[in-house]
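Below: the structure, in structure tokens.
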Amino acid sequence: MMLGNWFESPPEWLNLAIQRLGEPVVITIAGIFGLLVVSTILVKLLKMIKPGINLDEVSQRISSWWLMAGVFTFAMVVDRAVSIFFFAFISFLALKEFFSLIPTRRADRRVLFWAYLSIPLQYYWVYIEWYGVFIIFIPVYMFLLLPTRMVMIGETEGFHRSAGTIHWGMMLTIYCISHTAFLLVLKRNDLEQGATAPGAGYVLFLVVLTQLNDVCQFLWGKSLGKRKIIPKVSPGKTWAGFLGGVGSTTLLAWWAGPHLVGFSPNQSIVAGLIISIAGFIGDVNISAVKRDLDVKDSGSTIPGHGGILDRIDSLTYTAPLFFHFVYDTFTFHTFGSAGPLAP
Amino acid sequence: MNHFLRMLFFALIVRPIMLVILGMNVRQREKLPDSGPAILVANHNSHLDVLALMCLFPLKRLRTLRPVAAQDYFFRNPFIKWFALRIMGILPLDREVKKKRTSPLAGIYGAIERNEIIILFPEGSRGEPEELGRFKTGIAHIAKKHPDVPIIPCFMHGLGKALPKGEALLVPFFLDVFVGDPLVWEGEKSKFMESLSCQMTALAAQGDFPPWE
């Protein structure tokens, strides 16, 4: 009875959220928490049925998922600036983890500082929707600027390794991840004024499918996996996991795409394929780095998962590729290459 | 009033820097003492070391944390002196003691009697960043006099990269802290110093740190 009332006249905050984000986004967020409730109950049940079974890591993982989903939802719901700040903070944590993981030179302390400084700038371009600078700032300007600063310091031993690794880390952790934030501020030309901005839907579609793809690949691999797909880099990855993940993620994309992001069924399938295949590559890319450096996890920030990089490894590949797909599918109005300075 | 300022400084400045801008990975946290008297000994790379160690404890323990610091360095000018004594709550250590009658460690013994948690860097100074220097034997004197007070070794890595000696620019790096087992006094100074070095080396070996040259 109570619940029925609740559905008939939703509380004020829910109405506001639906108005700002659109109903599909709010339903998807509810779906995420529904999934978490189900998996939490499942683990509890499993423990009751088989008392001997060791599910500590799984429980820890799920409670970390609760926290991550909570923070993510908060960041998405509150306000546009908060959402952009959230992704900037993720970039910061990931870059810090990367710099702590790789060999660095003492002489490069100031160069690393500049690398950090590019995070607020890159996300500022997102905030003011200056697409033209957003898309080249790190690949061109920081790429040219960092070696300039290094030359000014003058330490040549290990120069090219340093220039390469620092910029590579920035591309993955700042540039690639910031595409998620830019999806948020996209405004479609063909929607009438005052229509709910589709950005939150894109972000949710990308982030949820990327993370679910990781989980699906893991589950398919655990249950059916035999033939290793890339044993030298990541011995745990199997063909069954990869293909199972691609299948489930694409199916989910096909089902959710038309509602959440306004794709046609065919476009949804392509988006699903992009996310699942790119997600796999992003994952093994970071695996290769970790194997090179002889560490199991990139850090220990998220209990049960490892570091931030372990969690966003797939997103580093899916974010830019999905962004380009969306950007070319619809027409958007941003400042484009002319920028806010143009008359 | 002073304690209020101290809480404010740690809650609003030190903790956000240590836990968010830098970020701490603490291994074997359960080996830290819950209450004093206890002595934490750690390697010394950076001015931030002491702040990091003080963040290992909950804010409500702040009142009992007493870092040992060189008097000659921290009494250079009135403001630094005020800050060191009132905000950091240091136990000043006079490094030039040869001629005096009283033990230079008297302040530390007093703190032990007040059940405080003492933080000490047996290397004496920060030295070369991220390199383990020789330990001075003052800590062995304390262990001899108070064999029942736990002396817990901590190995830290990362702060020497974030803020080494002679630099003013903070560059974020993750900080690793490894907490070891309490050291036991077995009746001999050299033995004690050896077991301290051994523990530190063993704790350092737990981490797998990338080169930093």
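The values are calculated or read from the model by the stated rules, or taken from the named source; none is laboratory data. Please read these numbers as outputs of a predicted model, since none were measured by experiment. Cβ: placed from backbone, ideal geometry, glycine included. Neighbour counts: every protein chain shown. When the accessible area is computed, the model is the full protein with side chains, heavy atoms only, and any ligands, DNA or RNA have been set aside. Shrake-Rupley method; radii C 1.70, N 1.55, O 1.52, S 1.80 Å.
Give me the net charge for the shell around residue B:136: Cβ to Cβ below 13 angstrom, other residues only, Lys and Arg +1, Asp and Glu -1. The answer is +2.
When accessible surface is computed with a 1.4 Å probe, chains A and B are found to bury approximately 2000 Å² between them, both chains counted. Scanning residues 5 or more positions from residue B:69 or on other chains, those with amide H under 5 Å from its amide H are B:91, B:93, with H placed 1.01 Å from N in the peptide plane.
Suppose we look only past 47 Å in the calculated P(r) of the protein assembly as shown. What percent of the Cα-Cα pairs does that tail hold? In whole percent, the long-distance tail amounts to 24. Evaluated over segment B:2-206, the count of Lys pairs having alpha-carbon atoms less than 18 Å apart is 9 (only pairs 8 or more residues apart or interchain). If you wrap the tightest convex hull around every Cα atom of segment A:1-139 and split its volume per residue, you get 157 Å³.
Among the trypsin sites (Lys or Arg not before Pro) in segment B:132-206, those located in a DSSP loop and surrounded by at most 16 other Cβ atoms within 10 Å of their own Cβ are B:134, B:136, B:165. Average accessible surface for segment A:198-331: 43 Å² per residue, computed with a 1.4 Å probe over protein heavy atoms with every protein chain in place. Dipole magnitude for chain A: about 1020 debye, using +1 per Lys or Arg Cβ and -1 per Asp or Glu Cβ, origin at the Cα centre. Listed values for segment B:12-23 are Karplus-derived 3J(HN,Hα) couplings in whole Hz (6.51 cos²θ - 1.76 cosθ + 1.60, θ = phi - 60°), namely 9, 10, 5, 5, x, 5, 5, 8, 10, 5, 8, x, and x replaces Gly and Pro. A simple count of charges around residue B:43, restricted to other residues whose Cβ falls under 10 Å of its Cβ and scoring Lys, Arg +1 and Asp, Glu -1, yields -3.
In sequence order, segment B:86-95 has phi-based couplings of 8, 8, 7, x, 6, 9, x, 10, 7, 7 Hz under the Karplus curve 6.51 cos²θ - 1.76 cosθ + 1.60, θ = phi - 60°, and Gly or Pro positions carry x.
Hydrodynamic analysis of segment A:198-331 uses the Kirkwood radius over alpha carbon pairs. Inserted into Stokes-Einstein at 4 °C and 1.567 mPa s, it gives a translational diffusion coefficient of 86 µm²/s.
Centre-to-centre separation between the Cα atoms of segment A:87-135 and those of segment A:264-296: 22 Å. Look at the stretch A:274-287: the mean tally of other chain Cβ atoms within 10 Å of its residues' Cβ atoms is 0. Taken per residue, the accessible surface of segment B:1-153 reaches 52 Å², heavy atoms only and a 1.4 Å probe. Rolling a 1.4 Å probe over the protein chains gives residue A:50 an accessible area of about 110 Å². When each of the peptides A:158-165, A:274-281 is scored by the mean number of other C-beta atoms lying within 10 Å of its residues, the order from highest to lowest reads A:274-281, A:158-165.
Taking a ≥ b ≥ c as the square roots of the eigenvalues of the alpha-carbon gyration tensor, segment A:22-78 is classed oblate because a/c is 1.5 or more while a/b is no larger than b/c. Using the Karplus relation 6.51 cos²θ - 1.76 cosθ + 1.60 with θ = phi - 60°, the per-residue 3J(HN,Hα) values for segment A:146-160 come to 4, x, 4, 4, 5, 5, 4, 6, x, 7, 9, 5, x, 4, 5 Hz, with x marking Gly and Pro. Straight-line cross-link reach from residue A:290 at under 19 Å between alpha-carbon atoms covers these aspartates and glutamates, not counting any fewer than eight positions away in the same chain: A:97, A:214, A:310, A:313, B:176, B:208.
Mean residue ellipticity, 222 nm, helices only, the protein assembly as shown: the sum of -39500 (n - 2.57) across DSSP H runs of n ≥ 4, divided by residue count and rounded to 500, is -17500 deg cm²/dmol. Its Kirkwood hydrodynamic radius, worked out from the mean inverse distance over all distinct Cα pairs, puts segment B:2-206 at 17.3 Å.
Highest mobility in the GNM of chain B, judged by mean-square fluctuation with C-alpha springs under 10 Å and restricted to B:129, B:16, B:37, is found for B:16. Per-atom-type breakdown for the protein assembly as shown gives carbon and sulfur 64% of the accessible area (1.4 Å probe, protein chains only). Amide H contacts of residue B:40 (H built 1.01 Å from N, in plane; Pro and chain starts excluded): B:118, B:119, B:120, B:152 sit under 5 Å, all sequence-distant by 5 or more or on other chains. Taking every residue in A:95-106 and counting other chain Cβ atoms within 10 Å of its Cβ, the average works out to 5. How would you classify segment A:149-256 from its alpha-carbon gyration tensor, with a ≥ b ≥ c the square roots of the eigenvalues: rounded for a/c under 1.5, else prolate if a/b is greater than b/c, otherwise oblate? Oblate, because a/c is 1.5 or more while a/b does not exceed b/c. Restricting the GluC sites (Glu not before Pro) of segment B:74-147 to loop positions (DSSP other than H, G, I, E, B) with no more than 16 neighbouring Cβ atoms within 10 Å leaves B:96, B:131.
At a threshold of 20 Å², the residues of segment B:198-213 that become less accessible to a 1.4 Å probe in the full protein assembly than in their chain on its own are B:208, B:210, B:211, B:212, B:213. Contact-buried residues of segment B:16-36, at a threshold of 30 Å² lost accessible area versus the chain by itself: B:20, B:25 (1.4 Å probe; DNA, RNA and ligands ignored). Near residue B:25, the amide H atoms lying under 5 Å from its own belong to B:175, B:176, B:177; only residues 5 or more places off or on other chains count, and H is placed 1.01 Å from N. Exposure check, 1.4 Å probe, all protein chains in place: residue B:181 carries approximately 80 Å² of accessible surface. With each label modelled as a point 7 angstrom along the Cα→C-beta vector, the residue A:113-residue B:12 pair spans 2.5 nm.
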